[in-house]
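The values are calculated or read from the model by the stated rules, or taken from the named source; none is laboratory data. Quantities reported herein were computed from a predicted structural model and do not represent experimental measurements. Cβ coordinates were reconstructed from backbone atoms using ideal geometry, including for glycine residues, and neighbour counts include every protein chain displayed. Surface areas here come from the heavy atoms of the whole protein model, side chains and all, with no ligands, DNA or RNA. Shrake-Rupley method; radii C 1.70, N 1.55, O 1.52, S 1.80 Å.
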Amino acid sequence: QVQLVESGGDLVQAGGSLRLSCAASGRTFSNYAMGWFRQAPGKERTFVAQISRSGGTSNYADSVKGRFAISRDNAKNTVYLQMNSLKPEDTAVYYCAAVVRGGLIYRTDTYDWWGQGTQVTVSS
């Protein structure tokens with residue numbers, strides 16, 4: 001079993017920045033790839049970013065490319081999402097997720113464990 005706890009969500013003005021963190025416990029962190037998803041009110045949960053086990057490879061949704069950066073520190077069992085140039089449409093609950101085996105990284109059903117989410121609100 002893996003426990004994931006997100007933090008760092010806040011209310012920020014458009015154009016601002018936030019860094020989200022996701023702390024993992026329960027298993028060897030470097031054994032699983034990590035993803036970030038988000039869910040706006042009344043909408044489906046959608047893919048934001050993913051990072052490989054080693055941190056050597058990352059992928060992003062088109063809507064956040066060039067603005068968001070995912071990273072991980074395997075020594076601290078933590079994955080991060082640096083969000084810059086935030087827009088009102090980035091407002092959502094942000095979730096981190098972990099997967100042991102491969103799969104389609106943008107699909108929610110690929111991932112084995114999920115955190116409880118952290119709220120990000122971007123005001124215009």
Q. Do we find that S63 is surrounded by 13 or more Cβ atoms within 10 Å (Cβ to Cβ), assigned to a loop (DSSP other than H, G, I, E, B), touching a residue at least 60 places away in the same chain (Cβ under 8 Å) and polar (S, T, N, Q) in this structure?
A. no
(Q) Quick check on my filter: what residues within the stretch 1-21 are open to solvent by 70 Å² or more (accessible area, probe 1.4 Å) and not hydrophobic (A, V, I, L, M, F, W, C)? (A) Q1, Q3, D10, Q13, R19
Q.
Scan the stretch 22-42 and tell me whether some residue there is of a type in the set (S, T, Y), in contact with a Gly (Cβ under 7 Å, 6 or more places away or on another chain) and either open to solvent by 50 Å² or more (accessible area, probe 1.4 Å) or in a strand (DSSP E or B) (or both).
A. no
Q: Give the residues of the stretch 79-124 that are in contact with a helix residue (DSSP H, G or I) (Cβ under 8 Å, 6 or more places away or on another chain) and either part of a strand (DSSP E or B) or surrounded by 14 or more Cβ atoms within 10 Å (Cβ to Cβ) (or both), sorted by residue number.
A: M83, A97, V99, V100, V120, V122, S123
**Q.** Residue in the stretch 51-60 that is part of a loop (DSSP other than H, G, I, E, B), open to solvent by less than 40 Å² (accessible area, probe 1.4 Å) and among the hydroxyl-bearing types (S, T, Y) present
**A.** yes
Q: Kindly indicate whether any position in the stretch 1-13 is closer than 23 Å to S123 by Cα, touching a Gly at 6+ places or on another chain (Cβ under 9 Å) and without any contact (Cβ under 8 Å) to a residue 60 or more places away in the chain.
A: no
